[in-house]
Ligand code: CP
């Protein structure tokens, strides 16, 4: 039996996989515009969401539906699935894997999707596991940069906001290791700094990384500002959360200083860290970014479940990640 094509963490992806996926997402854009396809007819996807979501769950479900597949969903799994009775994620995954060809899981615990993947023989996609990873968000973020700027190399990128618990920013930072000549600026309040462990891993991966508290001064020279929400739900100390929120707000005054050819991204949802007056600025790409998630996820589902797909990716085995460039997942 072939190894299931799990999507669990960013370090699975190499540059060639990422760039081929972007090309596939472009063809999915045409597919979506023309309505529906039957490429995944007869396949069934289960979405198990133990945390709230708008974009990730609905874009996965829209992607599967547009490709002709079916969807079953546990939208409030932490309240309405048998997790309430104490069922483990492993047991839930084992059961649902008997009903569906693919599991998409969001869970508050780091490593939950990997635990599920370890016990099932269908592909598992990590749709966000606690403060750890959000790999498909990172893919759609870099896809958006590629779409907006026409390249992924030679960029100056500021990651702003919650770099301690924000899994989207953490995953994007890891994915930037697949780009070349990239300079990353980490701009966060003191209580929301990126861990030294991750920062040093980024440096070891070849990124030029600088911590800064002065977004204003950086603004004219940045190609990308990636703003994020302070993750209130993950702070155990309310005082630390209060100290972090409101420190970096993107408003029209900031945009007047920002590079005229730059792009402003946000994984969304936002609270108050981007003023709504910025939304009409052509450089504000966060709503386009969310839409790109549909095409990117269509491309991923087609690669995982379709017959014709062959790009290189590292197969994930729990505890073992194949060397970059290997493809044992065919
Ligand atoms: N960006 C993102 O993960 O959004 P949702 O929480 O709405 O899925």
| request: Scan 96, 104, 71 and give me the residue that is within 16 Å of the ligand (Cβ to nearest atom), surrounded by 15 or more Cβ atoms within 10 Å (Cβ to Cβ) and over 20 Å from the mean Cα position of the chain (by Cα). | output: 71
| field | Flag for residue 28 being part of a helix (DSSP H, G or I) and touching a residue at least 24 places away in the same chain (Cβ under 8 Å) | value | yes
| request: Please work out if residue 102 is without any contact (Cβ under 8 Å) to a residue 24 or more places away in the chain and either under 26 Å from residue 170 (Cα atoms) or in contact with a strand residue (DSSP E or B) (Cβ under 6 Å, 6 or more places away or on another chain) (or both). | output: no
| request: Within region 297-309, track down each residue that is away from the ligand (no atom under 15 Å from the Cβ) and assigned to a helix (DSSP H, G or I). | output: 298, 299, 301, 302, 303, 304, 305
| request: Answer yes or no as to whether residue 17 is assigned to a helix (DSSP H, G or I), within 16 Å of the ligand (Cβ to nearest atom) and either in contact (Cβ under 8 Å) with a residue 24 or more places away in the chain or crowded, with 20+ Cβ neighbours inside 10 Å (or both). | output: no
| Within region 143-160, restricting attention to residues that are more than 13 Å from the ligand (Cβ to nearest atom) and closer than 12 Å to residue 267 by Cβ, which residue is surrounded by the fewest Cβ atoms within 10 Å (Cβ to Cβ)? | 159
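Matching residues to (1) under 24 Å from residue 111 (Cβ atoms); (2) modelled with pLDDT under 95; (3) part of a loop (DSSP other than H, G, I, E, B):
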site: 233; (1), (2), (3): yes, yes, no
site: 255; (1), (2), (3): no, no, no
site: 261; (1), (2), (3): no, no, yes
site: 267; (1), (2), (3): yes, no, yes
site: 272; (1), (2), (3): no, yes, yes
site: 295; (1), (2), (3): no, no, no
site: 313; (1), (2), (3): yes, yes, yes
site: 327; (1), (2), (3): no, yes, yes
| task | Examine region 175-198 for a residue that is in a helix (DSSP H, G or I), under 16 Å from the mean Cα position of the chain (by Cα), within 16 Å of the ligand (Cβ to nearest atom) and assigned by TED's automatic domain parsing to the domain that holds residue 249, and state whether such a residue exists. | result | yes
| message | The conditions are (1) farther than 24 Å from residue 289 by Cβ; (2) more than 15 Å from the ligand (Cβ to nearest atom), and residue 78 fails exactly one of them. Which is it? | response | (2)
| message | So, residue 129, is that one in contact with a strand residue (DSSP E or B) (Cβ under 7 Å, 6 or more places away or on another chain) and in the same structural domain as residue 20 (by TED's automatic domain parsing) or not? | response | yes
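Residue-by-condition table, conditions (1) over 21 Å from residue 141 (Cα atoms); (2) in the same structural domain as residue 112 (by TED's automatic domain parsing); (3) without any contact (Cβ under 8 Å) to a residue 24 or more places away in the chain:
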site: 4; (1), (2), (3): yes, no, no
site: 34; (1), (2), (3): yes, yes, yes
site: 69; (1), (2), (3): yes, yes, no
site: 73; (1), (2), (3): yes, yes, no
site: 78; (1), (2), (3): yes, yes, no
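The values are calculated or read from the model by the stated rules, or taken from the named source; none is laboratory data. Please read these numbers as outputs of a predicted model, since none were measured by experiment. Don't worry about glycine lacking a Cβ; one is built from the backbone with ideal geometry, like all the others, and counts go over all protein chains shown.
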